[in-house]
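Just below is one structure, and these are the notes that go with it.
We did not get these values from a lab; they are worked out from the coordinates using the rules stated. Everything quoted here is computed from the prediction, not taken from an experiment. Virtual Cβ from ideal backbone geometry, glycine too; neighbours counted across all protein chains shown.
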Amino acid sequence: MPKEGDEPYVQLGTIQIPSINIDTPLGDGVTLTNLNRGPGHWPGTALPGEIGNSVIGGHRVSHTHPFRDLDKLAAGDVVTMTVAAGTFSYTVTGTEIVLPTDIQVLDQIAEHTATLFACNPQGQTTQRIIVHLQMSKSPA
């Protein structure tokens, strides 16, 4: 099993959420090593800007705690992700609390969507907070 820091870190781009003061690198992967460095993209889900559900995880209380205030996001808030393919804006459509075993948040659909997730409540791992996003304008 790799030790902390043994896993390579690959930055896919950046993620900005102005309403909760987030402007940070977006990594590739959701292992603890990657998430300890900041938000990470779940492998096998759509990349930001692609058709499908781009799933992004992050910590709420440890390390860089980028998703500390995820519960403060409201419908209409904007999330912007910049990757090699371009810059893509998403709008928050809703938030829900689920169990860690509720993996339907990874489901792929034929629309431009994204999902942000983190442990919930802050400092605990008993639930996950899920924020659903819809791309504001589909790329040409």
### Message
If amide hydrogens are placed 1.01 Å from N in the peptide plane, which non-local residues have theirs closer than 5 Å to the one on Gln127?
### Response
Asn120
### Query
Over the stretch 11-135, what is the relative contact order in whole percent, taking alpha-carbon pairs under 8 Å and six or more residues apart?
24
### Query
Between rounded, prolate and oblate, where does the stretch 60-109 land on the alpha carbon gyration tensor, with a ≥ b ≥ c its root eigenvalues, rounded for a/c under 1.5, else prolate if a/b exceeds b/c?
rounded
### Summary
Which of Val98, Val55, Val79 fluctuates most in a GNM of the chain (C-alpha springs under 10 Å)? That residue is Val98
### Query
In the stretch 11-128, with Lys and Arg counted as +1 and Asp and Glu as -1 at Cβ, which of these residues, Thr91, Thr80, Thr64, has the Cα nearest the positive end of the dipole, that is, farthest along it?
Thr64
#### Entry: Highest-MSF residue in the chain out of Pro100, Pro25, Pro39 [GNM, Cα springs under 10 Å]
Pro100
### Query
From the Cα gyration tensor of the stretch 77-137, with a ≥ b ≥ c the square roots of its eigenvalues, which class applies: rounded if a/c is under 1.5, or else prolate if a/b is larger than b/c, or else oblate?
prolate
### Choice from Ile97, Ile109, Ile129 showing the highest fluctuation, given a GNM over the chain with Cα pairs closer than 10 Å
Ile109
### Query
Of (i) 13.9, 43; (ii) 18.7, 62; (iii) 33.4, 93, which one was derived for Rg and Dmax of the Cα atoms in Å from the structure shown?
(i)
### Query
When the chain is fully extended, how far beyond the present Cα-Cα distance does Val10 get from Ala75, taking 0.36 nm per residue of separation?
20.3 nm
